[in-house]
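**Q** Structure below; questions to follow.
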Amino acid sequence: MALTHADVARLAALARIEMTDEELAHTAGQLDTILDAVAAVSQVASADVAPTSHALALTNVMRADEVKPSLPVDAVLAMAPATEDERIRVPRILQEEDE
């Protein structure tokens, strides 16, 4: 499928890209090459080949969850710059709206 000068100009207008006549002609050839490559891949794909997102099967390597001791609350609060009601106090980043 050969793209015409008008086709490429329309695509450029939709993408809001200003192009000169030389750029349109050059881009038309490049887009033709891309479309030919996509058509070739479409012809190779057959019904017996499952669609894939990767050439190799990927699996997540997950470790088992293990309960481990953590720092005591008092130790964590002692390292915090400010605390309130046994919690770490942080600066407000969002303002609450008055009702």
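The values are calculated or read from the model by the stated rules, or taken from the named source; none is laboratory data. Everything numeric here is computed off the predicted structure, so don't read it as measured data. Note that we place each Cβ from the backbone using ideal geometry, even for glycine, and neighbour counts take in every protein chain shown. For the accessible areas, the whole protein counts, side chains as well, though only heavy atoms, and no ligand, DNA or RNA atoms are used. Shrake-Rupley method; radii C 1.70, N 1.55, O 1.52, S 1.80 Å.
**Q** Is it the case that region 89-96 has a residue that's in contact with a Ser or Thr (Cβ under 8 Å, 6 or more places away or on another chain) and either basic (Lys, Arg) or in contact (Cβ under 8 Å) with a residue 40 or more places away in the chain (or both)?
**A** Yes - at least one qualifying residue is present in region 89-96.
**Q** While we're here: Condition test on residue 56, is it in a loop (DSSP other than H, G, I, E, B) and surrounded by 12 or more Cβ atoms within 10 Å (Cβ to Cβ)?
**A** no
**Q** Taking residue 49 as the residue in question, decide whether it is without any contact (Cβ under 8 Å) to a residue 40 or more places away in the chain, assigned to a loop (DSSP other than H, G, I, E, B) and open to solvent by less than 100 Å² (accessible area, probe 1.4 Å).
**A** Against the criterion (without any contact (Cβ under 8 Å) to a residue 40 or more places away in the chain, assigned to a loop (DSSP other than H, G, I, E, B) and open to solvent by less than 100 Å² (accessible area, probe 1.4 Å)), residue 49 qualifies.
**Q** Further question on the same structure: In the set 9, 80, which member is in contact with a strand residue (DSSP E or B) (Cβ under 7 Å, 6 or more places away or on another chain), aliphatic (A, V, I, L, M) and surrounded by 10 or more Cβ atoms within 10 Å (Cβ to Cβ)?
**A** 80
**Q** Right, here's the next one. Mind checking which residues of region 18-46 are of a type in the set (D, E, K, R), outside any loop (DSSP other than H, G, I, E, B) and surrounded by fewer than 10 Cβ atoms within 10 Å (Cβ to Cβ)?
**A** 21, 22
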